[in-house]
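**Student:** Provided herewith is a single structure, encoded as C-alpha cells, for subsequent inquiry.
All of the numbers you see were taken from the coordinates with simple rules; none came from a lab. Keep in mind it's a predicted model, so treat the numbers as computed, not measured. Ideal geometry is used to build each Cβ from the backbone, glycine not excepted, and the neighbour counts take in all protein chains shown.
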Amino acid sequence: MSLSTSDSATWVGATSAGARGANRGSRSGAPLLEVTDLSVTFTPREAPAVAAVDGVSFTVDEGEVVGLVGESGCGKSVTSLAIMGLLPRRGVQVGGRAVFAGQDLLTLGDAALRDIRGREIAMIFQDPLSSLNPVVPIGVQVAEVLVRHRKLDRAQARRESAELLERVGIPDPQRRLREYPHQLSGGMRQRALIAMAVACQPRLLIADEPTTALDVTIQAQTLDLLKDLVRSSGTALIMITHDLGVVAGMCDTVNVLYAGRVVETAERVPLFANPYHPYTVGLLGSIPRLDRARGDRLTPIPGSVRDQLPWPEGCAFAPRCDRRTDACIGRPPQLTRVVVPPRTHRCVNPVVPAPATLEEVS
Amino acid sequence: MTTATHDSHPNESRPSDGAPLLTVRDLSVYFPITRGLLFDRVVGHVKAVDGVDLTIARGSTYGLVGESGCGKSTLGRAILQLVPPTSGSVRFDGVELTTLGAQPLRAMRRRMQMIFQDPMSSLDPRQNIESILTEGLSAHGIGASRAERRDIIARTLDAVGLPQWALSRYPHEFSGGQRQRIGIARALVLGPELIVADEPVSALDVSIQAQVLNLLDELQATLGLTYLVIAHDLAAVRHIADVVGVMYLGTLVEEAASDDLYAQPLHPYTRALMSAVPVPDPEVEDRRERILLAGDLPSPANPPAGCRFHTRCPWVQPTRCRDERPQLVEHRPGHRVACHFVEDIASGRLQPRQREVELVRPVADTADVAVGPDVLV
Amino acid sequence: MSVLSPGRKVEKLDRLAELAAASADGRGVSLWREAARRLRRNPSAIAGAVILGIFVLIAAIGPFFVPYGPTETIGVANGEVRPAAGIIPGPSAEHWLGYDHLGRDEFSRMVVGARQTLLVGVVATLIGMTVGCLIGGIAGAAHGLGGRWGRRVDTVLMRIVDMMLALPSLLLAISIAALLGPSLATVMIAVGAIAVPIFARLLRGSMIAQANAEYVLAATALGVRKRRIALGHILPNSLAPVLVQMTLTLATAIIEAAALSFLGLGNPDPSTPEWGKMLSDAQRYLEISPGLAIYPAIAIIITAFGFTLLGEAMREALDPKLRA
C-alpha cells in the first residue's frame, strides 16, 4: 500500500495481517543487531550502585519487529540508550556487546556513533514535545537530519522534508515546515519525529514507548503508520513498551524483561498462547481485556517491583511468584532454551503446557 | 474485613434499591479565555463540559470514558463542586449541590469523596500517613475521642491492605500502588457514599493496576459504595463499571450498560474508540476491524457546529450532521446514543468512508491567552 | 462479584511480598530530615557552617577574652598613636592588629565588633523576613484560596510591594534615617525594609504555585477548612525558598548595613565598635594605616561568604527534584 495523504484518513478494513510474513523473507543468516550480555550499572555519588540492566541478550534480524516488554524499572529504556550510546559517560558503566552489522557499538567512539545515529539507527522517544527543539521550526529540524547524513543542500533538504512530512500523514506539509512544535498536536508531533527518524532510511529503528503519551485513537493511527513504514522499507524495529496489547499487534518476537534481565523470549503467537515464565503469565492475567467477559476476575501479581531479590541471590521475581520453589532462592536461574518452537525462558519452575499443545504451536 | 469502617456508616441505614444517588442535569462548565495586558478581556470560552445528563444509581459503578480533552475529569470535579459549574444542576441524594452555601457544602463533602490520578502529587509530601488520615476526621469532627479516631484509621488501613506501620511514614517512602491505596484510605476514612475516582490506575504499573482495581471492587461490595470512575482505559472501565458513558468534546455521545456497550457500540465514536484499543492477543489483533479516525481532536475552545463528531465521523451525512446537534436518546432499553443515524449505521445501510485530515491547533497556541479554572473552595 | 473478607486476602498478599522489602519498624523519614541529611554531607554546607560557627563564637564569648577594652584610648594616652603626624602603629606583640586612629586596640575592637555586626545582620533580616512573609503570605493565600476577592487583595498588596521595589534602596535608607535619625536601629530597619519586597514576592509566588497543587485540591475535596489548608498545607510547602533566601539575605544584610554605616547613617556613638562603622572611619587613614580598612572588610566578606555557602547548600538540599 503506498503512502499518501489519503492513507492518513479514515479507512475501514482488516489490517494487513497476511503481509506480516512478507518482510521476514528478506532475512539473511546473520542478525542485524546482536546484543549479548548487556549490562548497565549506575554508580551515583553517596548511594549504592544500581544495576539497571543486568545481562540482557537479544537479536534483531533484518526487517524484524522485536518487542522489549516490561514495567517501569525493568531496564528496557536504559537498554536502548546503551545501544545508541546515549548514556552519560560519568557514573555509568556499560558492559557486554551490541554488534550492529559487524561493529560493536559499545566500543565505538563519539564520532563514529554520531555517524551511525540517524543514518543507520534512529530512535523515537516517548514525549514528542521534549524531543523536539521548541525554538526551531519543524522543517529545519527535519532538514537538519537530511543535511547531516545525506549531505543534501538546503533547497533539496526542504523539498524532501515536505515529502517526508506528507509521507507520515501530516496535512499541508509546506505550511507545517515553518511551524514550531507547540503549534502541532501530540499526534502530529510524534509523526514529525517519525519523519525525522526515517528520513535517512535507517536499517534499524528503536521506538521507546512512542505512543504511551498519546490518546488511544491517535495511538492506533501512529502504530499503523509505524507498521506501514517499517514494512514498506524493510527497516527493523525495536518496540519498547509496557503495553502487551501493542506488542500483540506489532511484534514478531517478544522479549519480556524483569529487573534488568530478559526472563522470556518467544515469537508473539506462542508467547501469548502459552507463556512459560510466571511473570509473563501473571502479567497477562492481570490485564483487563476488552474482549473478555466482565465477570472474569483479574489476578494481579502481588507486591510491587520494589520487592525483588538481587539476581545473584536467586530469581528476582521470587518474592512475588506463586510458583516459587526452594531452587529459586540461592542461585540465579539460567536461561533455558527450547528449540522447537524457538523460545527461551529464565525459570526453574515454568508454566509449561502439556506436550500436546507444544506440538500444535510448533 | 466484613464490618464497615466505622459505626455510623450512612449506607447501612439507607435502602440500596438502586435509587439514584446522583443526578446530573444539563451540566456545563465553560472556562473563559482572557486576553490582554492590563485588563483581561474575555475573548471566548473553552467549553470543557457542554450539557451533560447522567444518573448514577446507589451502589452501582458508572464508568466515564473518553480521550484527553473530552472533559471527563472536569465533569468529575464539577460534580463535586471543586470546579464551579457554569450552569446545570447536580443533585446528590436529593440535595442540590450547585446552590449550596460554603459551609453546608463543606459538610456535604463527607459523603462524596475523590480519588486522584497521581498519588504522588495528590498527597502532601510533608504529612505522614497518620496525619493524612486524621485530617479528614478532624475536619468533620468524626470520632469522639482520640482512641476512636485511631480505631477508625486502623480499620481503614486494614481495608485497603496497608500495614499499620505505614502510619508514621511519609508518602515518598511508598511505591506507586501503595500511595494510591493511601489515597483510597483517605477517601474512605470519612465513610462516604459516593467516590469519584479520576483515573485511579493510569499512573500505576500494569501489574499493580489489577491490585487496585480489585481493591476498589471489594470495597464496593463490603461498604456499599457508589463509584464514578473516570478513565481513558476502556478495558479497565469495562471490568468494573455497570454503566458506561462515552464522552467526546464535552458531551456524552453514548451511554449503556457495560455489557451492552461493549457488545454493540452504536455511536461511531465509540466504535472507533473500541477498535483502537490494543488487545493482548495476536490473533484478535490480526483479525480485528480497525476504524481509524483522521487527524486530531478539535479544540474545545472552538467545537464543531452541529454534531461535534461530524468533522471526523466516518459515517457523516450531508443532512443534519453539520447543523443539528443530536440529543442523547434511548435507542435500545437502557442504551442512549447521540447520533442522527443510529439505526442506519447499525443495520449497515450507511457505510463508513474516508475523511480528509483537518489539522487542529492546540488550545494555548496564541500568546498571552490565559485559560484559568477557578477552584471553588 | 466478590467474596467477603477482602481486607484479609489483600493484606496477606501484600505481606508476602514484603518479605524482601523494607523494615517494619522505625519512624518515617520526613522530607525535612532527608534535607538535613543531605545538608550534613554537603562540603559547602560544612564549610559555611564552620565559618559561621567561628564568627558566632567570637561574637558570643570573644568580648570576655579580649586583652583590652574596645574604648580604651591607650595609644593616645601613652603617646604611641599620633594620627596628626601620620603615625598609627600596625601589628605588634601587644597589639595584634595594631592601634586604630583613636589609639584603641584594633584587635579588641574587631572581636567586639563581631557581636554588633552579626546582630545588625540578624535583626535586619528578621525584620525583612517577618514583614515580607506576612505580606507575601497573605497575598499568596488570598490569591490561591480566596476566589475573586482574594485575587483583588493580592493585586493590591503586590502593587504596594512593587512601589517599595521601585524606590532605590539607598533612597529608602536615607529617608528612614532622616525620619529616625542616625542610629543602629535605623540601619536595621532600613536594611530590613529593603529585604521586605524580596521575601514578599518570594513567598507569594511559592504559595500560589503550591495552591495549584493537587494535594490542595485533595484537601479541599476532603472538606478541610481553608485556613487549615493555607497554614497546614500550603505554607509548609512554600517555605523552602524562603529559608534559602534568608541565609542569602543575612549575607547581604551585613554588607548593606556596613554600607549604611559607612555613609554615616548608623550609630554615631563611636564607642561601640561595628565593622561597617570601623570601615567608614578608616577611610581617612587609608594611606597611613590601610589595615584599619582591610581588617573589617575581610571580616565582612568572609562572614557573608559563610552565609552564602550555607544558603546555596540549603537550596540544593531542599530541592524537591532530589526527593526519593
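**Student:** Using only Cα atoms, tell me the angle between helix C:6-17 and the longest principal axis of chain C; keep it within 0 to 90° and round to the nearest 10.
**Tutor:** Approximately 50 degrees, to the nearest ten.
**Student:** What base-10 log of the normalised intensity I(q)/I(0) is obtained for region A:131-201 from the Debye formula, alpha carbons as equal point scatterers, at q = 0.14 Å⁻¹?
**Tutor:** -0.33
**Student:** If you take the charge dipole of the protein assembly as shown about its Cα centre, with +1 on Lys and Arg Cβ and -1 on Asp and Glu Cβ, which of C:Asn42, C:Ala59, A:Gln334 is farthest toward its positive end?
**Tutor:** About the Cα centre, the residue reaching furthest to the positive side is C:Ala59.
**Student:** While we're on this one: So how do A:Trp311, C:Trp275, B:Trp165, C:Trp96 line up by other beta-carbon neighbours within 10 Å, fewest first?
**Tutor:** Ascending number of Cβ neighbours within 10 Å: C:Trp96, B:Trp165, A:Trp311, C:Trp275.
**Student:** Nothing charged except the Cβ atoms of Lys and Arg (+1) and of Asp and Glu (-1): what's the magnitude of the dipole of chain C about its Cα centre? Round to the nearest 20 debye.
**Tutor:** 2020 debye
**Student:** Antiparallel versus total DSSP beta bridges in chain B: what percent is that, nearest 5?
**Tutor:** Given both bridge residues lie in chain B, the antiparallel proportion sits at roughly 65 percent.
**Student:** What size of dipole, in debye to the nearest 20, comes out for chain B about its Cα centre when the only charges are +1 on Lys and Arg C-beta atoms and -1 on Asp and Glu C-beta atoms?
**Tutor:** 660 debye
**Student:** Now for a different question. Dipole size in debye (nearest 20) for region A:131-201 around its Cα centre, Lys and Arg Cβ +1, Asp and Glu Cβ -1?
**Tutor:** 100 debye
**Student:** Once both axes come from the Cα atoms, what is the angle between helix A:138-150 and the longest principal axis of chain A, in degrees from 0 to 90, rounded to 10?
**Tutor:** 80 degrees
**Student:** Just name one of B:Gly51, A:Leu290, A:Val60: the one whose Cα is farthest towards the positive end of the charge dipole of the protein assembly as shown (beta-carbon charges, Lys/Arg +1, Asp/Glu -1).
**Tutor:** B:Gly51
**Student:** In chain C, if the dipole is taken from +1 on Lys/Arg beta carbons and -1 on Asp/Glu beta carbons about the Cα centre, which of C:Trp149, C:Leu118, C:Leu203 is farthest to the positive end?
**Tutor:** Toward the positive end, the furthest listed residue is C:Trp149.
**Student:** Then there's this: Using the C-alpha gyration tensor of chain B, what are the square roots of 5 times its eigenvalues, in whole angstrom, with the largest one first?
**Tutor:** 37, 24, 20
**Student:** Let me ask something else. Chain A: D in µm²/s via Stokes-Einstein (Kirkwood Rh, Cα pairs, 10 °C, 1.306 mPa s)?
**Tutor:** Rounded to a whole number, D works out at 73 µm²/s.
**Student:** Now a separate question. Once you compute Rg and the Kirkwood Rh from C-alpha atoms, what is the Rg to Rh ratio for the protein assembly as shown?
**Tutor:** Rg divided by Rh gives 1.04.
**Student:** Other chains near B:125-136: what is the mean number of their Cβ atoms within 10 Å of each residue's Cβ?
**Tutor:** 4
**Student:** Quick one: net charge of C:Ser280's neighbours, Cβ under 13 Å, K/R +1, D/E -1?
**Tutor:** -1
**Student:** Over chain B, what is the mean sequence separation of C-alpha contacts under 8 Å (at least six apart), divided by residue count, expressed as relative contact order in percent?
**Tutor:** It comes to 21 percent, rounded to a whole number.
**Student:** Checking the cross-link filter: which aspartates and glutamates have an alpha carbon closer than 18 Å to that of A:Lys151, excluding same-chain neighbours under 8 positions apart?
**Tutor:** In chain and number order, the partners are A:Asp115, A:Glu120, A:Glu160, A:Glu163.
**Student:** Distance between the C-alpha centers of region C:231-275 and region B:262-290? Whole Å please.
**Tutor:** So the two Cα centres are separated by 66 Å.
**Student:** Right, here's the next one. Under 15 Å from the Cβ of C:Leu202, count the other residues' Cβ atoms, weight Lys and Arg +1, Asp and Glu -1, and hand me the total.
**Tutor:** +1
**Student:** Please enumerate, by chain and number, the aspartates and glutamates with C-alpha under 15 Å from the C-alpha of A:Lys76, excluding those fewer than 8 residues away in the same chain.
**Tutor:** Result set, ordered by chain and number: A:Asp37, A:Asp54, A:Asp208, A:Glu209, A:Asp243, A:Glu264, B:Asp205.
**Student:** While we're looking at this one, here's another question. Working from Cα positions, state the angle (0 to 90°, nearest 10) between the long axis of helix A:154-167 and the longest principal axis of chain A.
**Tutor:** Compared with the principal axis, the helix lies near 50 degrees.
**Student:** Indicate, rounded to the nearest 5 percent, the antiparallel portion of the DSSP beta bridges found entirely in the protein assembly as shown.
**Tutor:** 65 percent
**Student:** Beyond 24 Å, what percent of the Cα pairs of region B:60-166 remain?
**Tutor:** Counting pairs separated by more than 24 Å, the tail of P(r) holds 40 percent.
**Student:** Also: Using only atoms on other chains, find how many Cβ atoms lie within 10 Å of each Cβ of peptide A:177-183 and report the average.
**Tutor:** Going residue by residue through A:177-183 and averaging, the value is 2.
**Student:** Please work out the Kirkwood hydrodynamic radius for chain C, using every pair of different C-alpha atoms, and report it in angstroms with one decimal place.
**Tutor:** 23.1 Å
**Student:** Taking the Cβ of B:Gln117 as the centre, find all other residues whose Cβ is under 10 Å away and add up their charges (Lys, Arg: +1; Asp, Glu: -1).
**Tutor:** Its environment carries a net charge of -4.
**Student:** Taking neighbour Cβ counts within 10 Å as the exposure measure, how do C:Leu263, A:Leu38, C:Leu248 sort from fewest upward?
**Tutor:** Exposure proxy ranking, most exposed first: C:Leu263, C:Leu248, A:Leu38.
**Student:** Let me ask something additional. How much of the DSSP beta bridge set in chain A is antiparallel, as a percent to the nearest 5?
**Tutor:** In chain A, approximately 60 percent of DSSP beta bridges are antiparallel ones.
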